[in-house]
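The values are calculated or read from the model by the stated rules, or taken from the named source; none is laboratory data. All values reported here derive from a predicted model rather than from experimental measurement. Reconstructed Cβ throughout: ideal geometry from the backbone, glycine too, with neighbour counts over all protein chains shown.
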Amino acid sequence: MQTTYTIGSKSFVLDRDKAEAAYMAKKIINGRETMYFNILPLKYQWAYELYKKMKSNHWEPEDIPMQKDCEQWQSNEISDIERWIIKMGIGYFSAAEGIVGDNLLHVIRESVTAPELKLVIGRHAHEENIHADSLIYMISSLGINPHEAEAMFDDVETIKMKNNFVVGNSKNLRRGMDLMITENKQLLAKNIFLFGQCMEGTQFYGLFGMILALYRQNKFPGIGQMFRYTLRDESNHIELQRNLLMDLVEENPDIWTAEFRQELTDTMVKAVKLEKAFIMDCLPLNAVGLSAEEFIQYIDYIADRRLEGVGLKAIHPGVKNPFPWLAEMMDIKKEQNFFEGRVTEYQKASALESVDDDEL
Ligand code: FE
Ligand code: MN
């Protein structure tokens, strides 16, 4: 008995019994382990769709002109605080992008079993490589000493604390955990929440806000553009990790105890505290039209959205978004003439429809 299976405009004829068996064997964790990359039939449709979406957002740092940024970096029109914010951005993200990519490959991808999940996680890790590469491009364009950027991981206490907060968790999970045990499932679920919602979802947003606030004042346009692309990528990463966590919990309801939910909320509270201390380091005084208080409120607002996204209660219900402009700036698709320099368009219309058979 055969059955026709479709993805976008493509259809495939599958043997019904085999397709059903393959489908049933697909699980977030503890599913069938196979060397074959048997994507069909898809069980986690969102994972494949997100993979296509992420691929259509592809960008390369060298496409973005940096002349104006270099001029401003050298000139008097930029204050020391503005330079400090850029340095903090480069210093923090140089470490953070690598940490996220490393955890994805060594903890999350190692633990999940369905091939379409491995596919999208591989793309996520690659995007962290692009982000790391964009920081190298910024460092080389501005003539910053790479050792100086690296030294910030240790010398800036608030960066060190944010990094330690996630690295310790990640390292502890590299030991071939038995994922039939509830406690181990919870450790993995917490890792996915910590990296996706607390780190990428919340602790990246202080700097995103500050650097894009400068960009809005026409300061560092090249760096600002790269951060807009990065932010668009991060929003897909947050969604990927959110879906992964939700499906993991749905398949393994033993994870989602009241105690565990409280543990996740407490983890977010810690993440927010570290991010607020970091913001105070970035903005020692309310200069250049940026108010530390507003950034702190923004973090409360963002953290609550992340908590609600995974079905947890907000910590500060009713807190207002102090930067409504930021949400618009993050949405690149709405803007028509985003590329001012070299015109490179990776975005393909309806990427899902244009999949070739040999790509699958
Ligand atoms: Fe990233
Ligand atoms: Mn990311």
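Assorted remarks:
- Inside the stretch 295-304, residues that are of a type in the set (D, E, K, R) and in contact with a helix residue (DSSP H, G or I) (Cβ under 8 Å, 6 or more places away or on another chain) make up a count of 1.
- Residue match in the stretch 168-180 (condition: within 16 Å of ligand 2 (Cβ to nearest atom), part of a helix (DSSP H, G or I) and buried (at least 16 other Cβ atoms within 10 Å of the Cβ)): yes
- Here the condition is being assigned to a helix (DSSP H, G or I) and either surrounded by 17 or more Cβ atoms within 10 Å (Cβ to Cβ) or within 16 Å of ligand 2 (Cβ to nearest atom) (or both); of Ile99, Ile136, it holds for Ile99 alone.
- Residues that are crowded, with 20+ Cβ neighbours inside 10 Å and away from ligand 2 (no atom under 16 Å from the Cβ) were ranked within the stretch 213-226; the one that is farthest from Val100 (Cα to Cα) is Lys219.
- Meets criteria (of a type in the set (D, E, K, R), within 16 Å of ligand 1 (Cβ to nearest atom) and more than 24 Å from Leu187 (Cβ to Cβ)) for Lys87: no
- Checking each residue in the stretch 55-75 for being at pLDDT 95 or above and polar (S, T, N, Q) picks out Gln67, Gln72, Gln74, Ser75.
- Once the stretch 90-147 is narrowed to residues that are among the aromatic types (Phe, Trp, Tyr) and within 21 Å of Gly168 (Cα to Cα), the residue that is farthest from ligand 1 (Cβ to nearest atom) is Tyr92.
Yes/no matrix, rows are residues, columns are (1) modelled with pLDDT of 95 or more; (2) among the aliphatic types (A, V, I, L, M):
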residue	(1), (2)
His237	yes, no
Met246	yes, yes
Val249	yes, yes
Ala292	no, yes
